[in-house]
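What follows draws every value from the coordinates through simple rules; no lab data is involved. On a predicted model such as this, the values are computed, not experimentally measured, just so you know. All Cβ positions, glycine included, derive from the backbone under ideal geometry; neighbour counts span all protein chains shown.
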Ligand code: GLU
């Protein structure tokens, strides 16, 4: 999920590779490493931390050569450390990897039985040692067989010790490009890495294998036939390339959500049922729980609100969602058969960490749902589920929220299974619905332009109200937070039935109301709440499922979502709300977006 650069050419590979990594530095990472052909074999240097730590090591013990691979790591398996940093491998084979090897546990035990000794906790090392076990002098055959045996998402750059001057690349579900220079060639996860050397590149298709040498790049199809690739000329500057052509990281990350969701959900499915074996979590963690406490801050807390509805509905276990900064000072009532779930993107959120420590002091089992491997919450919680959103750079959290919500689904399914509130077949059907919903998400993202034009209507507003019932209320709170956070417009989310007991008098002529009405079983009630605000002159933006029978008189404009079961609409609706927040902010020239993407900016820490 982080950065890869490979080089073969006349210059000192170490300089070129470090420069390439520097260009990828904006993505954020926890460690970096490099392997080059130097002298008789491959020399590898790795360092935890920023690139300067790797540079310092290389300054102390200089290495040089004309061909090599380099990596910045965003850990998913095993803490950030010198040892776990890439490249990984043996004396014969070294590789760097972006992504996740889902069947790494199975491969690891098989390779261990064959006599391999693992030095790291990474999933990547299984691919490296597997490749070593398959290599008998034909790199293409070995890589092809490895790709048949590994499952998951990967972009790999590989060196074989007996093939100096050659860099191999292969990918599945993660990007990898090959770039052509003058007498030098590159493999990279991102064109931004090599733009200062060449603009000529092509993208590798799934299963294709590229071999880069100083003389050229040859590509082979998965079946082994040479492939003619069409070479493109990049028109982006480095800054645009970093954002993949999107104007802001926030938009890029909104569009990354389908992949982030797949990466997070798939490793936790086994035979169509939820399984946290991948995370080393025993099933008994979910058995006999009296109460679940979900504790978090901001967006993560709103993901917890969705989790509450899901767990209570499916597993019939009472759930409390608490703001971490309140929980820690409240002397909460906790019992040993409870479970405290702490959600935090960075795993460093101070109040969430304090809440975790409090729960541990009281002897209650704790589970972290965290995006940053090796972070404090991840280390201190009894159990951890890593969301696989990759680095989140934008100030406003988008993909991290969605993957947190996806973990809530999986937890609710697992708890329902343990509590026997749902049968296996029912859970299987729910898992299938979850997967199908994720595949519908691109259809929401396709409405980007339409949502941009709706956002124009909001730019001059002083206040915007969000209304919803049930899961839509949980979602409205996240939608309101997102919009106010980046557009600086006052936004408030109300449980739709509650507005009349509160501040309906604030709804006057032209005040925008975002009516989130995706819950079909609550539609009648919701529509009468919309009529209440419409009667007071509100300008209503409706967010509802396609084909939902809602009288056109009650709203001014609508965003329609692909049809999905009520339980799953949050995953679709949130993307529409994020786009609305983003475009409103763009219309207002929001400073939050303007700050985005400065050179070398690191992912935020919340
Ligand atoms: N899953 C690998 C690891 O944790 C690769 C992470 C990455 O994409 O940087 O080491």
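Summary of computed values
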| read-out | value |
| --- | --- |
| Solution diffusion estimate, µm²/s, Stokes-Einstein, the range 10-147, Kirkwood Rh from C-alpha pairs, 4 °C, viscosity 1.567 mPa s | 84 |
| Cα→Cβ-extended label distance, 7 Å offset, between residue 235 and residue 313, nm | 4.5 |
| Tail weight of P(r) past 17 Å, computed on alpha-carbon pairs of the range 1-80, percent | 39 |
| Distance between the range 522-560 and the range 115-137 - C-alpha centres, whole angstrom | 57 |
| The range 120-198 - convex hull of the alpha-carbon atoms, volume per residue in Å³ | 110 |
| Computed over the range 402-447, Cα set: Rg, Dmax in Å | 12.4, 40 |
| The range 406-516 - Rg over Rh from alpha carbon coordinates, Kirkwood radius | 1.09 |
| Global form of the range 374-436, assessed from the alpha-carbon gyration tensor, a/c cut-off 1.5 | oblate |
| Dmax and Rg, reported as Rg then Dmax, of the range 136-295 (C-alpha, Å) | 20.1, 67 |
| Relative contact order of the range 176-324, defined on C-alpha pairs under 8 angstrom at six or more residues apart (%) | 13 |
| Three-way shape label, the chain, alpha-carbon gyration tensor, a/c 1.5 | prolate |
| Spacing of the two label points (7 Å from each Cα toward its C-beta) at residue 110 and residue 528, in nm | 6.1 |
| Beta bridges per DSSP with both ends in the chain, % antiparallel, nearest 5 | 60 |
| Order of 90, 72 - criterion: other Cβ atoms within 10 Å of each residue's Cβ, fewest first | 90, 72 |
| Where only alpha carbons of the range 460-560 are counted, the Rg and the Dmax (Å) | 12.2, 34 |
| Residue order, fewest to most surrounding Cβ atoms within 10 angstrom, among 439, 485 | 439, 485 |
| Alpha-carbon gyration tensor eigenvalues x 5, square-rooted, for the range 326-382, Å | 19, 12, 8 |
| Cα pair count fraction exceeding 13 Å, expressed as % - the range 514-555 | 45 |
| Tensor-based shape of the range 315-455 (alpha-carbon gyration tensor, a/c under 1.5 rounded, otherwise prolate or oblate) | oblate |
| Mean Cα-pair separation over length for the range 138-202, i.e. relative contact order, pairs under 8 Å, 6 or more apart, % | 23 |
| CD proxy at 222 nm, helix term only [per DSSP H run n ≥ 4: -39500 (n - 2.57); per residue of the chain; nearest 500] | -11000 deg cm²/dmol |
| Whole-Å distance, taken between Cα centres, linking the range 440-510 and the range 54-78 | 47 |
| Kirkwood Rh (inverse of mean 1/r, distinct Cα pairs), the range 210-361, angstrom | 19.8 |
| Order of 232, 97, 197 under a 10 Å beta carbon neighbour criterion, fewest first | 232, 197, 97 |
| Pair residue 335, residue 60: separation of 7 Å Cα→Cβ label points (nm) | 5.5 |
| Folded to 0 to 90 degrees: helix 350-361 orientation relative to the chain principal axis, Cα | 90 |
| Relative contact order (percent, whole number), the chain, Cα cutoff 8 Å, 6+ residue spacing | 12 |
| Whole-Å distance, taken between Cα centres, linking the range 159-218 and the range 377-437 | 35 |
